[in-house]
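**Student:** Quick one: structure below, then a few questions.
The values are calculated or read from the model by the stated rules, or taken from the named source; none is laboratory data. Everything numeric here is computed off the predicted structure, so don't read it as measured data. In this analysis, Cβ positions are derived from the backbone assuming ideal geometry, glycine residues included, and neighbour counts consider all displayed protein chains. Ligands, DNA and RNA are stripped out before the accessible areas are found, and what is left, the full protein with its side chains, is counted by its heavy atoms. Shrake-Rupley method; radii C 1.70, N 1.55, O 1.52, S 1.80 Å.
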Amino acid sequence: MQITFHGAAQTVTGSCHLVEANGCRFLIDCGMAQGGREADEHNENAFAFDPASIDFVLLTHAHIDHSGLLPKLVALGFRGPIYCTLATRDLLGVLLKDSAHIQQMEYERDLKRQKSGGQRHQRGNAYRSNKEIQLPLYSLAHVALAMEQTKAEPYGTTFAPHEHVQVCMRDAGHILGSAILEIWLTGVDDKVTKLVASGDLGQPGRVILRDPTPIDEADVLLIESTYGDRLHKDLGSTLDELVEVVNNTAPRGNIIIPAFAVGRTQELLYHFMQLAQQGRLNNVEIFVDSPMAVAATEITLKHFSVFDEEAKQLLGSAAKLMESRRVHFISDVEDSIKLNRIKSGAVIISASGMCDAGRILHHLRNNLGNPDCAVIICGFQTEGSLGRRLVDGVKQVRMFGEEIDVRASVHTLGGFSAHADQKALLDWAGAFKKKPHKTFVVHGEAEPARVLAGELKARFGMEAVVPGERERFEF
């Protein structure tokens with residue numbers, strides 16, 4: 001049995017792991033890398049394996065850094081099933097269509113700029129020369145084919161995608177539909193090896209979703225490490241800071257919040273509803289300017305059964321509360337453009353969460369230069385992304401061919417993360433009654449991954465390894 005790490009190895013995005021066992025070859029995730037020129041090159045490069053040789057894919061959740069190259073896999077010959085949870089399937093159709101649409105728009109914009117002698121459109125915060133313009137990675141037709149190959153399985157049900165493989169998906173508490181994978185592999189000697197892949201684990205005690213499911217035993221473990229070297233700020237302090245920034249900024253300027261359309265946007269809406277109900281917010285209007293986020297919010301409400309009890313109680317009266325507090329969902333482009341006329345009192349939540357694409361770029365261009373405005377960063381920003389540069393305090397950014405001074409205040413609120421922090425990761429790993437004999441620490445930049453591996457060794461005696469890109473291990 002072998003595993004090869006084709007992504008999310010000493011980096012946070014591009015999750016893709018190839019497992020080979022007893023004549024079976026399957027992928028755990030097939031995600032898009034995000035953040036800068038290297039990420040673009042990773043996505044454009046050929047797969048290091050033959051897509052037609054893959055029997056099936058196990059998808060942990062719908063986020064593009066885990067799912068975004070599935071249509072490319074299909075376009076290059078993959079014909080097997082893609083297994084995921086029910087909610088992930090619903091979200092996947094929205095996210096992949098949006099990804100294909102953005103790529104096509106960027107390509108058409110690049111062609112226009114090539115003809116006018118301008119620079120290539122910003123993707124991943126990097127520019128390329130005219131002759132380096134790339135075709136979209138895939139089309140809407142490839143997305144449709146990928147969705148036809150997608151099969152949904154409920155949480156807690158064991159299924160057999162191959163005669164030598166059994167799988168059960170457990171709630172990971174990261175976003176709607178996110179799953180921990182329990183995988184039983186039967187070898188040529190009929191010995192069964194249990195592989196557990198954490199996917200992205202949620203932070204316990206977060207709103208809306210349930211806490212990550214503890215797993216009793218594993219022979220081999222893949223564990224994420226996005227925040228493997230740090231703790232999150234507590235939620236109460238984070239909400240206090242959110243209220244302070246919004247109430248101090250709104251009378252004179254706008255508040256711009258880059259947010260992932262799936263998960264973070266819905267969580268922010270929950271908190272804004274709760275704060276409004278408590279009378280802690282001044283008179284502000286909230287705009288969710290993302291067609292994908294609007295669709296994802298509708299899907300979230302559809303899967304009411306996976307909410308925690310507190311969320312069910314609050315969202316049960318959400319319609320009345322949202323109407324009274326002027327929450328607006330924006331899908332139409334013309335309505336989005338109209339937001340540029342608003343000079344103060346608006347909270348604009350828009351995708352993408354790392355500021356690399358989508359309508360958030362237009363809102364940043366319109367507000368970054370205004371010292372009366374504020375930008376709130378409330379999610380992980382990978383190296384090379386525009387969001388990471390704002391967090392790091394750059395004074396000027398290049399957007400749409402323009403140099404824009406960063407005069408707006410930039411605030412990083414760490415308590416909203418959808419990822420488990422170091423303590424939560426260690427608590428989850430420590431719940432194994434039968435410890436894995438091999439642990440691979442993935443989905444984290446090099447230093448957080450190494451720190452978490454060291455803690456797993458020190459606390460639990462785990463043999464923890466931080467794999468490199470395309471590194472292969474037997475188990």
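**Student:** Normalised radius of gyration for region 320-432, please: alpha carbon Rg relative to 2.2 N^0.38 Å, two decimal places.
**Tutor:** Values: Rg = 16.8 Å, N = 113, 2.2 N^0.38 = 13.3 Å.
So region 320-432 has a normalised radius of gyration of 1.27.
**Student:** Which value, in Å to one decimal place, does the Kirkwood hydrodynamic radius take for region 1-115 when every pair of different Cα atoms is included? Intermediate results must be reported in sequence, preceding the final value.
**Tutor:** Numbers: mean 1/r = 0.0676 Å⁻¹.
Value: 14.8 Å, from the Cα pair sum.
**Student:** So, how do all the Cα-to-Cα distances of region 119-259 break down into 5 Å bins, in percent, from 0 on up?
**Tutor:** Pair shares across the bins are 2, 7, 10, 12, 12, 12, 13, 12, 11, 6, 3, 1, 0, 0, 0.
**Student:** I'd like the distance between the alpha-carbon centres of region 191-209 and region 363-407, rounded to an integer number of Å.
**Tutor:** Between the Cα centres of region 191-209 and region 363-407 lies a distance of 33 Å.
**Student:** Using only DSSP helix segments of four residues or longer, with each worth -39500 (n - 2.57), what per-residue ellipticity at 222 nm results for the chain after dividing by its residue count and rounding to 500?
**Tutor:** Values: 15 runs with 156 residues, N = 475.
Value at 222 nm, helices only, nearest 500: -10000 deg cm²/dmol.
**Student:** Strictly over 21 Å apart at the Cα level, which of LYS233/LYS433; LYS191/LYS435; LYS423/LYS457; LYS72/LYS97; LYS233/LYS302 would you flag in this model? Intermediate values should be presented prior to the final figure.
**Tutor:** Values: LYS233/LYS433 30 Å; LYS191/LYS435 18 Å; LYS423/LYS457 15 Å; LYS72/LYS97 13 Å; LYS233/LYS302 31 Å.
Those over the limit are LYS233/LYS433; LYS233/LYS302.
**Student:** Using a 7 Å offset from the Cα along the Cα-to-Cβ direction at both ASP372 and ASN282, what is the distance between the two label points in nm, to one decimal?
**Tutor:** Calculated label separation equals 1.2 nm.
**Student:** I'd like the per residue volume of the convex hull spanned by the Cα atoms of region 343-406, given in cubic angstrom.
**Tutor:** Details: hull volume 5.5 nm³, N = 64.
Taking only Cα atoms, region 343-406 has a hull volume of 85 Å³ per residue.
**Student:** Here is a further query. Which whole-angstrom value gives the distance between the alpha carbon centres of region 422-455 and region 1-80?
**Tutor:** One Cα centre to the other: 22 Å.
**Student:** Taking 0.36 nm per residue of sequence separation and subtracting the Cα-Cα distance, how much length would be gained by fully extending the chain between GLU402 and GLU471, in nm to one decimal? Present the calculation step by step, with values, prior to reporting the outcome.
**Tutor:** On the way: separation 69, 0.36 × 69 = 24.84 nm, distance 4.04 nm.
The GLU402-GLU471 span can extend by a further 20.8 nm.
**Student:** So which DSSP H runs in the chain come out at 30 Å plus along the axis (Cα) with average Kyte-Doolittle of at least -1.0? Display every interim value, and only then the final one.
**Tutor:** Numbers: long enough: 86-116 (46 Å, -0.75).
For the chain, where a helix must reach 30 Å along its axis and average at least -1.0, the hits are 86-116.
**Student:** Also: Going by average Cβ density within 10 Å per residue, which order do the peptides 83-92, 357-366, 45-54 take, highest to lowest?
**Tutor:** Descending packing order for the listed peptides: 83-92, 357-366, 45-54.
**Student:** So for region 20-83, what are the equivalent ellipsoid semi-axes in whole Å, largest first, each being the square root of 5 times an eigenvalue of the Cα gyration tensor? Could you put the intermediate results ahead of the total?
**Tutor:** Numbers: eigenvalues 85, 35, 20 Å².
Values for region 20-83, descending: 21, 13, 10 Å.
**Student:** Rg and Dmax in Å for region 418-474, alpha carbons only: what are they?
**Tutor:** 11.3, 32
**Student:** With a cut-off of 8 Å between alpha carbons and a minimum separation of six or more residues, what is the relative contact order of the chain in percent?
**Tutor:** 20
**Student:** What does the accessible area per residue of the chain come to in Å², with a 1.4 Å probe and no ligands, DNA or RNA counted? Walk me through the intermediate numbers first.
**Tutor:** Details: 18450 Å² over 475 residues.
Counting only protein heavy atoms, the per-residue value for the chain is 39 Å².
**Student:** So what are the chain's ellipsoid semi-axes, whole angstrom, largest first, if each one is the square root of 5 times an eigenvalue of the alpha-carbon gyration tensor?
**Tutor:** Ellipsoid semi-axes (Å, largest first): 35, 26, 21.
**Student:** For region 132-244, what proportion of DSSP beta bridges, expressed in % and rounded to the nearest 5, is antiparallel?
**Tutor:** Numbers: 16 of 19 bridges.
Roughly 85 percent of the beta bridges in region 132-244 run antiparallel, per DSSP.
**Student:** Let me ask something else about it. Could you pull the Cα extents of region 383-454 along its three principal axes, largest to smallest, in whole Å?
**Tutor:** For region 383-454, the Cα spread along each principal axis is 56, 22, 18 Å.
**Student:** For region 38-195, what log10 I(q)/I(0) values come out of the Debye formula at q = 0.16, 0.19 1/Å, with one point per alpha carbon and no solvent?
**Tutor:** -0.94, -1.19
**Student:** Can you give the translational diffusion coefficient of region 146-204 in µm²/s, computed by Stokes-Einstein from the Kirkwood radius over Cα pairs at 10 °C and 1.306 mPa s? Write out the running numbers ahead of the final one.
**Tutor:** Working: Rh = 12.6 Å.
It diffuses with D of about 126 µm²/s by this estimate.
**Student:** Would you list, by chain and number, the aspartates and glutamates whose Cα falls below 12 Å from the Cα of LYS395, excluding same-chain residues fewer than 8 positions away?
**Tutor:** Here the aspartates and glutamates satisfying the reach criterion relative to LYS395 are GLU403, ASP405.
**Student:** Let me ask you something else. Out of the total accessible area of region 373-475 (probe 1.4 Å, heavy atoms of protein only), what percent is carbon and sulfur? Each step should come with its number before you reach the end.
**Tutor:** On the way: 1920 of 4300 Å².
Carbon and sulfur together cover 45 percent of it.
**Student:** Excluding residues fewer than 8 places away in the same chain, name every one of the lysines whose C-alpha is closer than 18 Å to that of LYS112.
**Tutor:** LYS131
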